[in-house]
1. Scan (1) touching a strand residue (DSSP E or B) at 6+ places or on another chain (Cβ under 7 Å); (2) free of Cβ contacts under 8 Å to residues at least 24 places away in the same chain for the single condition residue 84 breaks and write down its number.
2. So, in region 12-52, of the ones that are within 14 Å of residue 156 (Cα to Cα), touching an Asp or Glu at 6+ places or on another chain (Cβ under 7 Å) and of a type in the set (A, V, I, L, M), which residue ends up surrounded by the most Cβ atoms within 10 Å (Cβ to Cβ)?
3. Among the numbered conditions (1) open to solvent by less than 80 Å² (accessible area, probe 1.4 Å); (2) touching a strand residue (DSSP E or B) at 6+ places or on another chain (Cβ under 9 Å); (3) at pLDDT below 85, tell me where residue 255 comes up short.
4. Looking at region 65-85, which of the residues that are more than 19 Å from residue 106 (Cβ to Cβ) and over 17 Å from the mean Cα position of the chain (by Cα) is farthest from ligand 1 (Cβ to nearest atom)?
5. Which residue, of 64, 55, is surrounded by 17 or more Cβ atoms within 10 Å (Cβ to Cβ) and of a type in the set (S, T, N, Q)?
6. Under 6 Å between Cβ atoms, at least 6 apart or on separate chains: pull out the pairs that start in region 33-46 with a residue that is near ligand 1 (Cβ under 7 Å from one of its atoms) and modelled with pLDDT of 95 or more and end on any residue that is polar (S, T, N, Q) and not in a helix (DSSP H, G or I).
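The values are calculated or read from the model by the stated rules, or taken from the named source; none is laboratory data. For clarity, every value in this text was computed on a predicted model and none was experimentally measured. Here the Cβ positions follow ideal geometry from the backbone for every residue, glycine too, while neighbour counts run over all protein chains shown. With ligands, DNA and RNA removed, areas are computed over all heavy atoms of the protein, side chains included. Shrake-Rupley method; radii C 1.70, N 1.55, O 1.52, S 1.80 Å.
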Amino acid sequence: MPFAIDVRDVTRTYDDLQAVSQVTFALPVGRTLGLIGPNGAGKTTLLRMICTLVQPDCGDVLVQGFSVRHQPREVRRRLGFMPAEFGSPRGVSIAEYLEYFACLFGLSASDRKARIRDVCELTELRGREAVLVNGLSTGNRQRLLLAKTLLHDPAVLVMDEPASGLDPRARNELRAIIRTLASLGKSVLISSHILPDIEDISDQIAIMEAGQLVLHGDLGSLQQAHADHRRSVRLKVPEADLARARETLLALPQVQSCQPADRGLSIVCDEADTNDLLAALLQAQIRITFFSESDVDLEQIFMRTTAGKVT
Ligand SMILES: Nc1ncnc2c1ncn2[C@@H]1O[C@H](COP(=O)(O)OP(=O)(O)O)[C@@H](O)[C@H]1O
Ligand SMILES: [Mg+2]
């Protein structure tokens, strides 16, 4: 069985800027890969190359064994792309919008009816088919965009920042839909900078920075590899003590990073006894409301792997 997506040494340059340089990775069939990276890292350019919308300068991408360079129509048949931007036409209902794209995909009239019903069911748009597209909330707009992407029942789904701009409830619902798609055997590549979302739904992670792939692997094994020699601590203190707590911790040699997170601090330190951290905080008379060692999370992997480079 070929890979769902097999990215082979692709490079894309805009003028003298290498938006994507020599990226190679593969996504096995039926898996979900989360692609993360700061703005300008090259994520959208990479996704657009996978979807045949941008030609690589060199290298190739195979989607279920078909080359984006030489067999773009075969690729498009198997792949659904949900872009980050969405043009919403005026005066068009959800039903009409989906009907239009189903026609473009070449579905017969009876197939169109069944498919539109199925995708509306899956994205929980059933019963709202008459609602106008340009008045939709961001959450419903994303559902519609996903419904459209699924019309031709692609085996491979590529989604560019689908959760950006969504409120927590809509994000939750989107995550649930993506999990359902994964359970139906779809291969999913999703880019985002909402790390907890990616951590929740992906079994593989890829991190890009300044056009390069800096990390790729199974989330579980990455967490294990990173947990081997470092500890991760979550700390909460009253707001008034936060800056001092950070200063105190950063002065300790075993503390590698100390980032604001979730109304507290997320600390990565050497495999020293974390009691030293507690002792230093207490000595500085910082009021600790929460202190806990935790598993290494994706945010910490991300912070350690990337250097804050921009193109
Ligand atoms: N069509 C384009 N023309 C010129 N530069 C582009 C174009 N598309 C992207 N870039 C540049 O390539 C780099 C990567 O952009 P992009 O792939 O959109 O990154 P990301 O999606 O990770 O934010 C950025 O510096 C961006 O300005
Ligand atoms: Mg982008």
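1. All conditions are met except number (2).
2. 47
3. (3)
4. 65
5. Of the residues listed, the single one that is surrounded by 17 or more Cβ atoms within 10 Å (Cβ to Cβ) and of a type in the set (S, T, N, Q) is 64.
6. What qualifies is 43/191.
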